[in-house]
Amino acid sequence: MDSSVLELLKSIHLVGKALFEMDWLKAFDLILQPTEDRDPSFLKKAKKLWLEHRDPVRAWKQIPTHHQSIESTLLHGLSKYFATKDFWAALKSLPRNMRTLYFHSYQSYLWNHIASWRMKEYGLNPVVGDMVYVNSDSECDFEIELEMEAVSTEVEETKDSGVINLKKSVVNVLTEEESSNYSIYDIIIPLEGIEVKILENYVLKPYHDQLLSVDGVIEGFPNFRHRFV
């Protein structure tokens, strides 16, 4: 894998973070960063017009119609909506799977940091405060509101109500007495998300909260439902 692709992969979670914070221009700048070894000359010029002059109309005109990429698609959206500062509409010019990739990358970034810290601090043994599933049979019904755009063909019948019944496994925070009944393979480290609630007595909650605070994501993901996707 060449260096330009590696640099691109390193920045994907930063795009997600910027979008999460609604720092639109920072997110667009990160997506439109030049990759010298990969960009054709017309794309380099287009990116420069955006980064240095904030001129998406001229930038998009540099790109031949046969060229299709994330950058060209975004510039097309910006050429239509930047003048009215409708950044959300410009972002929606990107395919939905690409938009969600940015956020999933940021989720994974947070998860990797928390998992690494847990292993460093506590090793391979369960400790008091770790989370585990109670058992495979203990489940509770709950409902989530679905974005209509996200509903798959398997649940077409739910479109009228926008609500689907799912099963959510019950989790437990280990006590001293329970910890010897579990192994490292039972331990759960939640992936940060809209429907995820971090329990107050979870052993990793202080580090989790500190990480979000240092990253500037004070509100957390539950307040993000109406911002994106």
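The values are calculated or read from the model by the stated rules, or taken from the named source; none is laboratory data. Computed from a predicted structure; not experimentally measured. As a convention, Cβ positions derive from the backbone with ideal geometry for all residues, glycine included, and neighbour counts pool all protein chains shown. The protein model used for the area step is the full one, side chains on, heavy atoms only, and it has no ligands, DNA or RNA in it. Shrake-Rupley method; radii C 1.70, N 1.55, O 1.52, S 1.80 Å.
Okay, here's what the table says:
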{"quantity": "List 131, 98, 119, ordered by accessible area with a 1.4 Å probe, largest first", "calculated": "119, 98, 131"}
{"quantity": "Cα centroid separation, the stretch 37-60 to the stretch 66-88 (Å)", "calculated": "12"}
{"quantity": "Out-of-range pairs (alpha-carbon distance over 21 Å; input 47/80; 26/48; 26/92; 45/92; 45/80; 47/92)", "calculated": "45/92"}
{"quantity": "Sulfur and carbon atoms: percent of accessible area, the stretch 68-124 [1.4 Å]", "calculated": "56"}
{"quantity": "Residues of the stretch 38-132: accessible area per residue with a 1.4 Å probe, Å²", "calculated": "53"}
{"quantity": "Gain in span if fully extended, residue 201 to residue 108, counting 0.36 nm per residue against the direct Cα distance", "calculated": "31.2 nm"}
{"quantity": "Rounded to the nearest 10 Å², the accessible area of residue 60 at probe 1.4 Å", "calculated": "100"}
{"quantity": "Partner lysines for residue 120 [C-alpha distance under 20 Å; skip if fewer than 8 residues away on the same chain]", "calculated": "205"}
{"quantity": "Equivalent ellipsoid semi-axes - Cα gyration tensor, the stretch 1-138, angstrom", "calculated": "38, 17, 13"}
{"quantity": "Estimated FRET transfer efficiency (residue 209, residue 33; beta-carbon r; R0 30 Å; 0.05)", "calculated": "0.45"}
{"quantity": "Cα centre as origin, Lys/Arg/Asp/Glu Cβ charges: the stretch 49-122 dipole, Debye", "calculated": "160"}
{"quantity": "Net length gained if the chain between residue 124 and residue 101 were fully extended (0.36 nm per residue, minus Cα distance)", "calculated": "5.2 nm"}
